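Okay, so here's the structure we're looking at.
The values are calculated or read from the model by the stated rules, or taken from the named source; none is laboratory data. The model shown is predicted, which means the values in this text are computed figures rather than measured ones. FYI the Cβ positions are ideal-geometry reconstructions off the backbone, even for glycines, and counts take in every protein chain you see. When the accessible area is computed, the model is the full protein with side chains, heavy atoms only, and any ligands, DNA or RNA have been set aside. Shrake-Rupley method; radii C 1.70, N 1.55, O 1.52, S 1.80 Å.
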Amino acid sequence: MPEKTNNTAIGFSLLMVVVFWGGNNAGTKWLLGSWPPVFTGSVRFVCAGFILLAVLRFTSLLGTFEKLTPELQRQLWLRGGLSLAAYTIIFNWALRLTPASHVALYLGASPVWALLAEERPRRTWVSVRRYGTALIAVAGVLVLFWPALMAGKQTNAVGELCALGASFLWALYSRQSRWLSARVNGLEVAAQSMWMAGVMLVPIGLYEIAIHGLAVTPKRAGVMAFCVIFGGVIPYAFWNNALRHWRASRVLLFNNLIPITTCVWVHFTLGENITPTFYLAMALIILGVVMEQIDLA
């Protein structure tokens, strides 16, 4: 009974994550219309990471703060911070160059990449089914990406490629977080990874500001605060806690709901239209990922 209750709580927390990240995608998309992409990601993660770390260090609301060994600190920099920094660069450029709904949909394919990384092909029916359903999800990615190539718009094509790259990098970060969460409190992994990633991005962000400048208004500062708290502190805490108890591919399955929440957020806040290929691509990717999870969770 306790395990069932725990799984229910984890599942509910992940539903909240996809709602918050849908709002974060819309907010970040709006900010990137005037702010440099790497700087935006750096500020978000430095602030969110230190806030979450302070809560862990000085209160008991989210668990016990653990003192890290030098080796664990090194692993957090290399596995957590570096992978999250790489993801943030590609993700924010994708948001700037292509519709937010497309970026979220590409991220919906990340459970497939995680599953493929967890097991190599074998001569068994389970393996054949796994790779067959992976191809269905990949077909969804191609459906979404194909119009950008046919239109001959380099900016859109680059944006779609960045979104696909972000999907791979998110699966990588989630796998690295699971490895780290087996050794450190999952919430501390989230906090440490975020501020480390943000610090890594600071030099690039300062270069962007030196070249393009930065216009700060109360509205932009407010949206950034929303992205820090509801796109960083809360969802990353829930996400890494789930990775501590569930395997990466199972947690990543909730990514399939992010395109839906993102579409709702960007439609009502940014007036972003949905492209004709979006629904077919979404159906293929969700079908592939759900089929992958049958009897595997």
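Points to keep in mind about this one:
- Remark: pairs (first residue in the range 94-107, closer than 13 Å to Gly27 by Cα and assigned to a helix (DSSP H, G or I); second residue among the small types (Gly, Ala, Ser) and open to solvent by less than 10 Å² (accessible area, probe 1.4 Å); Cβ separation under 8 Å; 6+ apart in sequence or on different chains) = Arg96/Gly159; Ala100/Ala26.
- Within the range 245-266, if we keep just the residues that are assigned to a helix (DSSP H, G or I) and surrounded by fewer than 19 Cβ atoms within 10 Å (Cβ to Cβ), the residue that is modelled with the highest pLDDT turns out to be Val264.
- Of all residues in the range 8-22, none that is modelled with pLDDT of 85 or more has its Cβ atom under 6 Å from the Cβ atom of a residue that is not in a helix (DSSP H, G or I), 6 or more apart or on another chain.
- Residue pairs meeting the criteria (Cβ under 7 Å; at least 6 apart or on separate chains; first open to solvent by 70 Å² or more (accessible area, probe 1.4 Å), in the range 43-69; second assigned to a loop (DSSP other than H, G, I, E, B) and modelled with pLDDT under 85): Arg57/Phe65; Thr64/Asn185
- Residue within the range 188-203 that is open to solvent by 60 Å² or more (accessible area, probe 1.4 Å) and at pLDDT below 90 present: no
- Evaluation of Leu107 against (1) modelled with pLDDT under 85; (2) open to solvent by 50 Å² or more (accessible area, probe 1.4 Å) (one fails), failing number: (2)
- Being at pLDDT 85 or above and either open to solvent by less than 20 Å² (accessible area, probe 1.4 Å) or touching an Asp or Glu at 6+ places or on another chain (Cβ under 9 Å) (or both) is a property that holds for Gly159.
- In the range 26-60, the qualifying residues are those that are more than 18 Å from the chain's Cα centre (by Cα) and assigned to a helix (DSSP H, G or I), and the one that is nearest to Val189 (Cα to Cα) is Leu53.
- Within the span defined as the range 218-233, one or more residues are farther than 19 Å from Pro37 by Cα, touching a residue at least 24 places away in the same chain (Cβ under 8 Å) and not aromatic (Phe, Trp, Tyr).
- Test: residue in the range 71-79 that is open to solvent by less than 60 Å² (accessible area, probe 1.4 Å), modelled with pLDDT under 90 and within 22 Å of the chain's Cα centre (by Cα): no
- Number of residues in the range 241-276 that are of a type in the set (S, T, N, Q) and within 14 Å of Val18 (Cβ to Cβ): the value is 4.
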